[in-house]
Amino acid sequence: MCGIIGSVGRDGETLDVLVHGLSKLEYRGYDSAGVALTGDGLQTRKCAGEIDDLRAELEHEPPAGVVGIGHTRWSTHGPPTDENAHPHQDCTGDVAVVHNGIIENYQSLRDELVAAGHTFESDTDTEVVPHLIEDALADGAGPEAAFRSAISKLEGSYAVAAVVDGTEAIFAARNDSPLVLGIDDDAYYLASDVPAFRDHTDRVVYLEDGEFATLRADEWIVSDGTGETVEKAVNTVDWDPEETGKSGYEHFMLKEIHEQPRALRQCLRGRVDELAGEVDIGDLADLSPTGVQFVACGTSYHAALYGAQLLREAGIPAQAFLASEYATATPPIGDALVVGVTQSGETADTLSALREARRRGARTLAVTNVVGSTAARECDHVLYIRAGPEIGVAATKTFVSQLAALNLLALGVTNCPDARETIAALRELPSDTQAILDDSTAESVAEQYADASAYFFIGREHQYPVALEGALKLKEITYKHAEGFAGGELKHGPLALVTDDTPVFAVVTGDDATATKLVGNVKEVEARDAPVVAVTDGQSDVERYADEVLRIPETHPRAAAVLANVQLQLVAYHTAARLGRSIDKPRNLAKSVTVE
Ligand code: M6R
């Protein structure tokens, strides 16, 4: 979703820092971009389209200044036009503002401002902010006080940054939308996400809801709503800037798929003891839940479905809920532990669900990738999945790391009957995943079916979430219709859609009764002439009914889910590549969905 970058102290380089920062935020998804610099007058440039369109715009008359803010916008109020792009300005042109989130009371504020004589140039909710600052300045407030006055009138979610002509400072505030400061020896940065300034510094300060920041060339100050200075810890991020580059891969998604063995190793490092048949998840082992409710969205919801099954297998009642539904139609929680599964830790729906659970007195746990994220800070407990930064909008390595981490959680808080076997399989996951990456024939399968009219994915038990995720991955980056089903559900409706032009991907692992039932489902689609692609470890006889086979190593069914998913990621990637899609930034989608 929208991204913010700000820079103070990089004289002569401010514009480059801003544009570079914006390019690092592209992965969040956006449809317009802009910058504002001050120092030699306030100059703003913005346009609909991509960062390259903005670069072209900047070439004519590059703005200069010692202080600047930049923004990538993902439309919520009004279409992606030049006018709606950020930064937004007041009537005098002395104030420029960028904003992530949604200002819920913007219409009434706008009505009041228009009635008072202000002229608006855009459809956005954001534009009320520079006009509110303008009013406060006109009333005699200094720039910082004017900014605070404007923020005090806002309701909703926001990360806001503003610059005022004649003042070499950035003023910022956050509520429900992430904002982080970058601290360097001779410069300060501000961003919605660390990659925006990670090339310049690894020292960061995370703002909390309700906090303000003021950045000047010689100081950074964080304060609360009353203006009291807040002492903040300076953290060090533990990943390299190169991790946010493509390292020679054509797309971030492909790079991230290939990073999965390492991501899994990182997730498991120091947490599994194969000899003892135990996992070490620190204090989380003391959680001893009598019930678990997972809340999550999208890919993370599929991980949550899988996690709930693991806990149920160990005798703990557990359910996965779509966070957006849970937040408004919250089920009885009782003593359940509420677990938010969220790669970014910033997904608004998941945060809402977790907040509702907390409001009702529940204990909460965040399973997340991002240290210092809102979910990590707001929940009572955190389990980091340690996947490293994921740039591609399509979640890949974070999904497999979520699955691995949820195994650790299930093993750590329950007396899992087959803990030793599961741990042994987890230990093999990185090398088993590498084996798939080395030998997969997914590219030729993808080429063969790239023109199909629709795609179906079926699985049962552990492989059901994998089927759902296979379909989501394919649809989001190919723009083709794809659905995942529990194998048993096929004949209750979806079978009507199955034809010789709808490949069915069947995830069949093991050779137990569940596998036999899924092979039965495969026969049902084969009888309707659908091409069948079996993702299998070769233990069942599914290959007899399959047109194509994607092999995974034999392993425990829980680990098989991770491996089958890797094959389906590759199918989605190669199909999208074949169709020439925008793989890393699919249309209409954002990496981090920070609005409900
Ligand atoms: O950051 P989160 O894990 O909370 O994100 C939730 C979904 O928006 C996300 O998983 C989305 O479905 C994926 N990017 C799809 O690949």
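Here are some notes:
- Complete set of residues in region 162-197 that are at pLDDT below 95, crowded, with 21+ Cβ neighbours inside 10 Å and part of a loop (DSSP other than H, G, I, E, B): 177, 178, 179, 192, 193
- Candidates 525, 535, 595, 571 - the one that is buried (at least 24 other Cβ atoms within 10 Å of the Cβ) and within 16 Å of the ligand (Cβ to nearest atom): 571
- Residue 128 buried (at least 18 other Cβ atoms within 10 Å of the Cβ), under 23 Å from residue 15 (Cβ atoms) and not polar (S, T, N, Q): no
- Residues of region 325-358 that are in a helix (DSSP H, G or I), away from the ligand (no atom under 15 Å from the Cβ) and of a type in the set (Asp, Glu): 356 alone.
- Subset tally (residues that are buried (at least 19 other Cβ atoms within 10 Å of the Cβ) and touching an Asp or Glu at 6+ places or on another chain (Cβ under 6 Å)) for region 453-470: 1
- Looking only at region 368-411, and only at residues there that are surrounded by 24 or more Cβ atoms within 10 Å (Cβ to Cβ) and assigned to a strand (DSSP E or B), the one that is nearest to the ligand (Cβ to nearest atom): 368
- Complete set of residues in region 285-324 that are assigned to a helix (DSSP H, G or I), touching a helix residue (DSSP H, G or I) at 6+ places or on another chain (Cβ under 6 Å) and away from the ligand (no atom under 16 Å from the Cβ): 285, 287, 310, 311
- Some residue of region 2-16 being in contact with an Asp or Glu (Cβ under 8 Å, 6 or more places away or on another chain), surrounded by 21 or more Cβ atoms within 10 Å (Cβ to Cβ) and under 21 Å from residue 348 (Cβ atoms): yes
- Within the set 207, 190, 109, 179, the sole residue that is over 26 Å from residue 17 (Cβ atoms) and either aliphatic (A, V, I, L, M) or in contact with a strand residue (DSSP E or B) (Cβ under 6 Å, 6 or more places away or on another chain) (or both) turns out to be 109.
- Residue match in region 496-517 (condition: closer than 28 Å to residue 393 by Cβ, in a helix (DSSP H, G or I) and of a type outside the set (Gly, Ala, Ser)): yes
- Of all residues in region 452-495, those satisfying the criterion of being more than 16 Å from the ligand (Cβ to nearest atom) and assigned to a loop (DSSP other than H, G, I, E, B) are 452, 453, 460, 461, 462, 493.
- Scanning region 312-339 for residues that are small (Gly, Ala, Ser), within 19 Å of the chain's Cα centre (by Cα), over 17 Å from residue 465 (Cα atoms) and modelled with pLDDT of 95 or more returns a single hit, 324.
- Scope region 545-581; condition in contact (Cβ under 8 Å) with a residue 24 or more places away in the chain, in a loop (DSSP other than H, G, I, E, B) and more than 25 Å from residue 464 (Cα to Cα); matching residues: 579, 581
The values are calculated or read from the model by the stated rules, or taken from the named source; none is laboratory data. Computed from a prediction, not measured in an experiment: that's the story for all the values here. Counting neighbours? That spans all protein chains shown, and the Cβs are built from the backbone with ideal geometry, glycine included.
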